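The values are calculated or read from the model by the stated rules, or taken from the named source; none is laboratory data. Keep in mind the model is a prediction, meaning the values are calculated, not measured. Note that each Cβ is placed from the backbone with ideal geometry, even for glycine, and that neighbours are counted across all protein chains shown. Just the protein is used for accessible areas: all its heavy atoms, side chains included, with ligands, DNA and RNA removed. Shrake-Rupley method; radii C 1.70, N 1.55, O 1.52, S 1.80 Å.
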Amino acid sequence: MYRRERSIPLRGSAAPLCNNLSVLQLSARKLTYFGVVHGPSAQLLSVAPEGVPLAQRQLHAKEGAGVRPPLMTQVHWCVLPFRVLLVLTSHRGIQMYESNGNTMVYWHALDSGDASPVQAVFARGIAASGHFISVGTWSGRVLVFDIPVKGPNIVLSEELAGHQTPITDIATEPAQGQDCVADMVTADDSGLLCVWRSGPEFTLLTRIPGFGVPCPSVKLWQGIIAAGYGNGQVHLYEATTGNLHVQINAHARAICALDLAPEVGKLLSAGEDTFVHIWKLSRSPESGYIEMEHCHGECVSDTQLCGARFCDSSGSSFAVTGYDLAEIRIFSSV
């Protein structure tokens, strides 16, 4: 069971974008960072353990060429083995900062040369794997950046071509030294999932076909892909084979966010039906099949949810954002 705790005030409401919340827990400093997109800017907050906001700042999308400030599409902290970077995506490009947002270390402008005049150009979907950060784009290509141990010498090392429609989300998990392991999955507006093995050259292992419904959010845990779809369904796939193990009507409307608590295998799903559900993922010791059990449901009434994340790796609390809601709501287990 979870109960609502103190809310964290925002200067403006979250934009109505899927996955519009990022959380970074810094246990050593007893701080939690929250990031939310609002129009052409991202709001960053640092919060003490008691839920007391300590500082709040805004980062703006780099303008580049254009009359209007570009809209931001996502904010996400990427935890690499040797450093943490804050990555912002927008309709102009990709910005990377040191984790506190004080120093921008890299800027990548999007090339709109292949886009038609009526096609929106943007980046969306951010994830880290090893010493790489992968970012999705409107064209379906995934840009892979090689990140140095320190400094701004970030290099675009590869472009992955597995999708024909805009990327919606990217998920990764540590490969832990295993060969031929699937450690990254990308999703797009058609519902297609591509499963990859990261490395000096990324390898496409398998494709999981879509069925005409977008897949706004995807997660990867111990070889299990959890995919949330625009029809409210959650699917669980075997990452190495792409086989479907679980299909459940989790929400009455589109899913806007998924998250995983890796220590315990809890899955969080949030939908446009105002509900947040907590599930437990496991494998049957007899058959090896993936199993899914419902643990908790929470109605965030009169709120169009757009972001939801666990606040720690054990899933003891979670946070949600909503459109036209000038606060982050926190729920803790009891």
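Quick notes on this structure:
- The condition of being touching a residue at least 40 places away in the same chain (Cβ under 8 Å), buried (at least 23 other Cβ atoms within 10 Å of the Cβ) and of a type outside the set (Asp, Glu) holds for Ile225.
- Counting the residues of region 244-279 that are closer than 18 Å to Gln233 by Cβ, basic (Lys, Arg) and in a strand (DSSP E or B) gives 0.
- Which numbered condition Asn249 misses (of (1) surrounded by fewer than 19 Cβ atoms within 10 Å (Cβ to Cβ); (2) within 15 Å of Thr168 (Cβ to Cβ)): (2)
- Only residues that are at pLDDT 95 or above and in a loop (DSSP other than H, G, I, E, B) were counted across region 16-44, and they come to 6.
- Residue in region 58-70 that is of a type outside the set (A, V, I, L, M, F, W, C), at pLDDT 95 or above and open to solvent by 10 Å² or more (accessible area, probe 1.4 Å) present: no
- Count of region 120-177 residues which are open to solvent by less than 10 Å² (accessible area, probe 1.4 Å), over 22 Å from Trp221 (Cα atoms) and touching a residue at least 60 places away in the same chain (Cβ under 8 Å): 1
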